[in-house]
Amino acid sequence: MPHAAFRATPLALALATVIATPAAFAAETPEQSKKASDLDKVEVVGKYVEKPASVKYTEQLRDTPQTITVINREVMDEQNLLGLRDALTTLPGITFGAGEGGGGYGDSITLRGFNANSDITTDNVRDSAQYSRTDSFNLQAIELVNGANSVYSGAGSVGGNINLVSKVAGVGEFTTVQLGGGTDGYGRATLDTNMEIGDGAAFRINAMAHQNDAPGRDVETFERWGIAPSIVFGLGTDTRVTLAYFHQTDNNTPQYGVPYFSGVGGALPGVDPSNYYGYANVDSQDIDVDMLTGVIEHDISDNATLRTLARVQQVDQLSIVNPPQGTWCLAGGINPAPNGTCGTLLPGQYQPSGPRGNSRDTTNGISTLQSDLVMRFNTGTVEHAMVAGFSLAREDFELDTGNLQRNADGSLPTLPVMDISNPHHFYDGQRNYIRSSINNGTLDNEAVYAFDTLKFDERWMLNLGARWEHNEGDSVVDTFNIVPGDPAFGTSTRAVFENSDNLFSYRASVLFKPVEAGTLYLSYSNSKTPSKTSVNGACTAQTCNVDPETAVNIELGAKWDVTNALAVTGALFRNDRQNFKVADPGNPANPSGEQQLDGEARVDGVSLGVAGQITHDWAIFGNVTWLDSEVLHGVSDYVAATTGDPLKGLPISGTPERSGSIWTTYDLERWTFGYGVTYQSDYVFYGNNLATSFGNVHGYTTHRAMVSFAVNDQLSFQLNANNLFDKEYYVRVRNNGWATPGDARSLVLTATYAF
């Protein structure tokens, strides 16, 4: 498959590397003079993107004063990156949790040391449900925006945010069909076709069907299908209307992994990475995602465009899980858990316990209206590119929680003791669903914002932005009595929690261009995180009345087009979480036990990137990040004064000091060869209570390779090898004592027919 994605990119990678993202249907035409309507779409020079997809970014990436890394469609295809987690694994500074949280099993992301579970947007609209985003079939690009970013994406975004850019109908006609097969039961078929259906109208449809087993694992399987049609009217006119629908259904086995304790070097002795410690005949993850989007764009003049987007989205997820949690007994009668004992267990045995058979049935609904006025004008000799807009959003959350593995009277069955090295993963006990709680939540957000890029001359620019938003939500929690034999068994008690905050976030940057091809910048921005930052993260009596948390980001960077085909970037940054909520136990001045905003943590870092063509046939995309993280204050002032602060001075949990990735391709006539390396250093992992600390998580280096052959202009074949040397490594660590093995070596052969 050709790798044109890396050819002649004039864009300066945004700090940790920015690559140009081609619009699949864009014509190869020279750059046109800018007008306001150009600002609401991905701008293209030839086949290459020059700016992020959001209308809030009015300038080329080279002149955008922030680290923005774009993984384009070509790079996803070349490396066979299918899901969000696959793609983000190739970017530095990101780690993954075990998938649990307020919303249940799903993507759990740590970005530059800070939680980013709710900092995901689709087409720059909030997509906060916690579920597994397993497929990129309808994505044109993935944009990683680093640094405190509330001014652009709303409440939260302490470490940055992740924007998923959808494919939509456009000019041109093409059809691409792909069929893939490989090891571990891999089978895949996709269709992407765009057609012009009349004067100024076009229709596009993307479809996908997929299945595979988890490479190197005995039980986990993944099956899904999806369809995404879109239609646009008014192409080439002053008014354009786009309608798009997206649906995806997943039937997966949740991945939790194996027992993992740093005190014994990682995975427990005798544990094979392929072992499954849940119950294969019970565990499941079923997901349905539906998203309907409408966009109206109207060119008021050559210098002003009004764009309005409306979206309704619903995500349903039912998960039933048996995480590998319990008591482990090793040789010599040693339990590797902190302060643990073997009890009656013999060496080599495991007694399952904890949330075995837990069921979480969730529904997340989001309705959004967002309108932006984009203007270009002059005040005297100063040129302005301004965006002013507002957004209204309503989120609803329903969660039905219970346990499936119960006796008829509601009591827990006695689970059989397992062999650590050969676990029994079939449940043959009673199944009776016992509900434990029902949680209903809402979250309303109203925001107004304005951004202005002021160009004083050919060398100096000033970038300003401000956002005010009102964030208000509630949670109604009904908790059921599940004590067997209690006369009140099955009755419930209700608790209502509410939170309301006004938030102000801002950004200011100064840019200096010593030459047209290069930009130096200094930027300062903040983020605000209220207690009810996500609809599925219920605030409690201890947190609902606590003021919003604050973080700031300072960044000094450079972006340079070394040639018309090669770009380099670099940046120094500080992300300072100035205050965050911490527990305040035992404080006589705080009898309610309300948490305090006494926590502080900081990440200082360096990011470097390179992307483009080294020669006509040799392309490169690489980036590295160094993160120096530190907890400055990890407990409340009262606790620190009375018993000390055991977290102070420690690195932030889940934050590797060094990480990097490189992907390079070389063309030889009809052949294309690709090779990539991803590296991540060790990092510390611990809970808020150091008694549950599990120390260092081992770093790793993995390799991937690709070779493709173009039979002719229509037909090509591509072979991908992931984890080429079959490295054993672990990701998604949980402080209860488990981690997920990284995918073992896998091979996939894909045939592509395009016409």
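Is it true that some residue in the stretch 526-534 is in contact (Cβ under 8 Å) with a residue 12 or more places away in the chain, more than 10 Å from Pro548 (Cα to Cα) and in contact with a Pro (Cβ under 9 Å, 6 or more places away or on another chain)? Full working, then the answer.
Residues of the stretch 526-534 that are in contact (Cβ under 8 Å) with a residue 12 or more places away in the chain, as a first pass: 526-534.
Among the residues that remain, those that are also more than 10 Å from Pro548 (Cα to Cα) are: 526, 534.
Add one more test, that the residue is in contact with a Pro (Cβ under 9 Å, 6 or more places away or on another chain), and what stays is none.
Within the stretch 526-534, none of the residues are in contact (Cβ under 8 Å) with a residue 12 or more places away in the chain, more than 10 Å from Pro548 (Cα to Cα) and in contact with a Pro (Cβ under 9 Å, 6 or more places away or on another chain).
Among the residues making up the stretch 67-126, those that are over 17 Å from Thr664 (Cβ atoms), of a type outside the set (S, T, N, Q), in a loop (DSSP other than H, G, I, E, B) and at pLDDT 90 or above are Leu82, Gly83, Asp123. Specify which of the listed residues (Thr643, Thr615, Thr655, Thr664) is among the polar types (S, T, N, Q) and either surrounded by 19 or more Cβ atoms within 10 Å (Cβ to Cβ) or within 21 Å of the chain's Cα centre (by Cα) (or both). Only one candidate qualifies: Thr655.
Against the test of being within 23 Å of Thr122 (Cα to Cα) and more than 27 Å from the chain's Cα centre (by Cα), the options Leu373, Leu369 yield a single qualifying residue, Leu373.
Number of residues in the stretch 503-517 that are charged (D, E, K, R) and loosely packed, with under 15 Cβ neighbours inside 10 Å: the value is 1. The residue of the stretch 455-478 that is nearest to Thr493 (Cα to Cα), among those that are part of a strand (DSSP E or B) and of a type in the set (Asp, Glu), is Asp478.
Filtered by the rule that a residue be crowded, with 24+ Cβ neighbours inside 10 Å, among the aliphatic types (A, V, I, L, M) and not in a loop (DSSP other than H, G, I, E, B), the stretch 155-168 gives Ile162, Val165. For the stretch 169-202, a residue qualifies if it is in a strand (DSSP E or B) and charged (D, E, K, R), and the qualifying residues are Arg188, Asp192, Glu196. Can you confirm whether Gly278 is part of a loop (DSSP other than H, G, I, E, B) and on the phi > 0 side of the Ramachandran plot? Judged against the criteria, Gly278 is not a match. Of all the listed residues (Gly270, Gly257, Gly236), the sole one being surrounded by fewer than 21 Cβ atoms within 10 Å (Cβ to Cβ) and more than 30 Å from Thr58 (Cβ to Cβ) is Gly270. Which residues, counting only those in the stretch 535-555, are within 20 Å of Trp468 (Cβ to Cβ) and assigned to a loop (DSSP other than H, G, I, E, B)? Of everything in the stretch 535-555, those that are within 20 Å of Trp468 (Cβ to Cβ) and assigned to a loop (DSSP other than H, G, I, E, B) turn out to be Asp547, Pro548.
The residues listed here are Asp192, Asp184; of these, the one that is touching a Gly at 6+ places or on another chain (Cβ under 9 Å), surrounded by 15 or more Cβ atoms within 10 Å (Cβ to Cβ), in contact (Cβ under 8 Å) with a residue 12 or more places away in the chain and of a type outside the set (A, V, I, L, M, F, W, C) is Asp184. Considering every residue within the stretch 369-381, establish whether at least one is surrounded by 17 or more Cβ atoms within 10 Å (Cβ to Cβ), acidic (Asp, Glu), at pLDDT 95 or above and touching a strand residue (DSSP E or B) at 6+ places or on another chain (Cβ under 8 Å). Checked the stretch 369-381: at least one residue is surrounded by 17 or more Cβ atoms within 10 Å (Cβ to Cβ), acidic (Asp, Glu), at pLDDT 95 or above and touching a strand residue (DSSP E or B) at 6+ places or on another chain (Cβ under 8 Å). Residues that are at pLDDT 95 or above and closer than 30 Å to Ile296 by Cα number at least 2 in the following strands (runs of 3 or more DSSP E) confined to the stretch 216-263: 221-233, 239-252. If you go through the stretch 53-67 and keep only what is of a type in the set (A, V, I, L, M, F, W, C) and over 15 Å from Ser509 (Cα atoms), you end up with Ala53, Val55.
The values are calculated or read from the model by the stated rules, or taken from the named source; none is laboratory data. What you see is a predicted model; the values in this text were computed from it and never measured. Neighbour counts are summed over all protein chains in view; Cβ atoms, including those assigned to glycine, are modelled from backbone coordinates with ideal geometry.
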